[in-house]
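The structure appears below as structure tokens.
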Amino acid sequence: MVENIRIHILVVDDDRGILELVRRSLEHEGYQVDTIEDPNVVLKINLEWYQLIILDVMMPKMDGFSLCAELRNRVDCPILFLTAKSEEGDLIKGLGAGGDDYITKPFGIGELRARVAAHLRREKRERKHLLEAGGVQFQIQAKRMSYQGREIPMTKSEYAICEYLAVNLGQVFSKERICEAVYGYDGESDASAITEHVKNIRAKCKQYGLEPIETVWGIGYRWKAE
């Protein structure tokens with residue numbers, strides 16, 4: 001089973017019975033599940049913390065394909081459709097709107113859980129909106145870091161170092177490599193500045209009980225997984 005800690009899933013369907021069935025099934029696996037009946041409400045809420053979204057296709061106020069197209073401008077996570085239709089034309093339309101997969105009604109609980117776990121396990125697309133690494137959340141466009149809902153204030157350079165290491169979770173980089181990635185080849189800062197930045201990052205993170213950056217002696221730094 002996929003590691004489900006802090007994995008949030010959103011399910012949107014105008015059928016309360018379906019919502020309750022999906023919610024209970026996924027919560028049984030350890031996921032945190034939110035459900036919404038009105039698709040228009042989805043466009044008004046903060047979606048950046050969801051790791052997967054499930055949309056019903058046939059909804060009266062807005063169909064799942066239209067909603068998916070709107071959401072793709074705001075989220076990177078997998079989007080799955082629940083549909084009673086199985087025609088090839090609908091599948092192509094759904095994928096063209098930014099969807100990742102279909103689950104055809106009626107569906108079995110085992111199939112639902114397996115599809116969700118599979119998409120979470122193999123999700124590797126480049127993050128443009130949200131990244132989570134070692135328990136720390138990164139809002140990519142806003143250039144903000146947070147932990148358990150609390151923002152960790154960082155300077156521009158400190159954030160850039162953290163994001164670079166977190167995106168490459170577990171990989172070790174020399175101070176020179178980090179400097180080039182953050183400031184460019186023609187940047188005015190040098191590798192010695194990275195040491196000071198990392199020192200400051202550690203001090204700030206320690207206030208939140210975090211020690212995300214590990215020193216690999218003789219090589220450089222890496223962002224630790226939990």
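Brief remarks on what is shown
- Sum of side-chain charges, Ile18 neighbourhood, beta-carbon under 9 Å (Lys, Arg +1; Asp, Glu -1): -3
- Percent antiparallel among DSSP beta bridges (both partners in the chain, rounded to 5): 45 percent
- Ligands, DNA and RNA left out, the 1.4 Å accessible surface of the chain is 48% carbon and sulfur atoms.
- Prolate/oblate/rounded call for region 128-168, Cα gyration tensor, a/c under 1.5 rounded: rounded
- Solvent exposure of the chain, expressed per residue, is 53 Å² of accessible area, with all protein chains present and a 1.4 angstrom probe.
- Per residue, the average separation of C-alpha pairs within less than 8 Å and at least 6 apart gives the chain a relative contact order of 13 percent.
- Förster radius 25 Å - calculated FRET efficiency between Ile219 and Lys143 (Cβ-Cβ, nearest 0.05): 0.40
The values are calculated or read from the model by the stated rules, or taken from the named source; none is laboratory data. As the structure is a computational prediction, the values presented were derived from the model and not from experiment. Counting neighbours? That spans all protein chains shown, and the Cβs are built from the backbone with ideal geometry, glycine included. To get the accessible areas, we keep the full protein, side chains included, count just its heavy atoms, and leave off ligands, DNA and RNA. Shrake-Rupley method; radii C 1.70, N 1.55, O 1.52, S 1.80 Å.
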